[in-house]
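**Q** What follows is a structure written as structure tokens; I'll ask about it next.
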Amino acid sequence: MMKNNNMTPRCEAAVQVSLYKDHDKSVLHHSSRLPLAAIGLSMLLIAGCAAKKPEITWQQDRENLQSQLNKVGMSQATLAEQVQALNKQLAELEARMASHEAMQEMSLDQHETRFIELEEKIEALKKTSGSNSKTAAKRKSKPQETARATNEPVVSKINNATPPPEPTPVISDEEIKGFYVHAYLALKSGRYEQASTDFNNFLVKFPGSTYTHQAEYWLGESLHAQGNTIQAAEAFQKAASTAERNPQQNAALLRLGQLYMELERKDDARITFLSLINEHPQSSEAEAARKTLAELITSTSM
């Protein structure tokens, strides 16, 4: 006989009474002494016990709900802290960017001022050189005027006299660097036309300076940014064709090959890339040239 785990001992006894009644009908048939009231009572007890189920109290529901609300509150608090931290980081980043922009503007203004000062210095030196030349010419004419007045020969004195050397403008390496930086800042700030003009002027004024190769390279970049691809290629070719080693040669060769690709001069591009790979095989520019050359060969073979 199976037991119901939800039944109390009292209910179980009542069920046993009922089962005994069904099991032995013959006994109950002959035993008229069992009161009918007892049978009815046992049936009521069985029905009551079977209907009784465990109930979840309101207290338990409230505790569960409170626990869930607490978890939601903790999640919201965590999210609020994360948002606050992100806002703080964003504010710090904006402050740093503003500071960087201010410093860049200040540096640009300083270089602009320095450039103007250097231009004024060059003009002053040119004027001084011109005035000295005029003074020397006047000095040369004075012995001749004296000779005419005294009728004395002064040819030997004139031949032996040496005019004072004309002063040449002397510009330091730091000042030359200032001209270069001025042009470079114009390029980086997006003023490409101004940058190309400044780099051209720099190359005319200081053709053999330390920054000549860099100026030729960045001149090519400023011209390419304006859409002057042919002129840009010429500038890169000058930067790359120098006999001595310079830090811009690899980059200039790579950019020259890339511009040849834009101009559909694929044979020139192939020759330029191969030259870069052969001369500087371990450089990062040579690695980029290998990839572009492989793509070029694949496209032409299809």
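The values are calculated or read from the model by the stated rules, or taken from the named source; none is laboratory data. Nothing here was measured: the structure is a model prediction, and the numbers come from that model. Neighbour counts run over all protein chains shown; Cβ positions are idealised from the backbone, glycine included.
**Q** Would it be correct to say that SER299 is surrounded by fewer than 12 Cβ atoms within 10 Å (Cβ to Cβ), without any contact (Cβ under 8 Å) to a residue 24 or more places away in the chain and either assigned to a helix (DSSP H, G or I) or among the small types (Gly, Ala, Ser) (or both)?
**A** Taking the combined requirement at face value, the residue satisfies it.
**Q** In addition: Could you run through segment 182-200 and say how many residues are under 15 Å from GLN214 (Cβ atoms) and surrounded by fewer than 18 Cβ atoms within 10 Å (Cβ to Cβ)?
**A** 2
**Q** Something else: Determine, yes or no, whether LEU276 is without any contact (Cβ under 8 Å) to a residue 60 or more places away in the chain, farther than 22 Å from ASN228 by Cα and in contact with a Ser or Thr (Cβ under 9 Å, 6 or more places away or on another chain).
**A** Judged against the criteria, LEU276 is a match.
**Q** Shifting gears a bit: Just checking, which of GLY220, GLY178 is surrounded by 15 or more Cβ atoms within 10 Å (Cβ to Cβ), farther than 30 Å from LEU263 by Cβ, modelled with pLDDT of 85 or more and in contact with a helix residue (DSSP H, G or I) (Cβ under 9 Å, 6 or more places away or on another chain)?
**A** None of the other options fit; the residue is GLY178.
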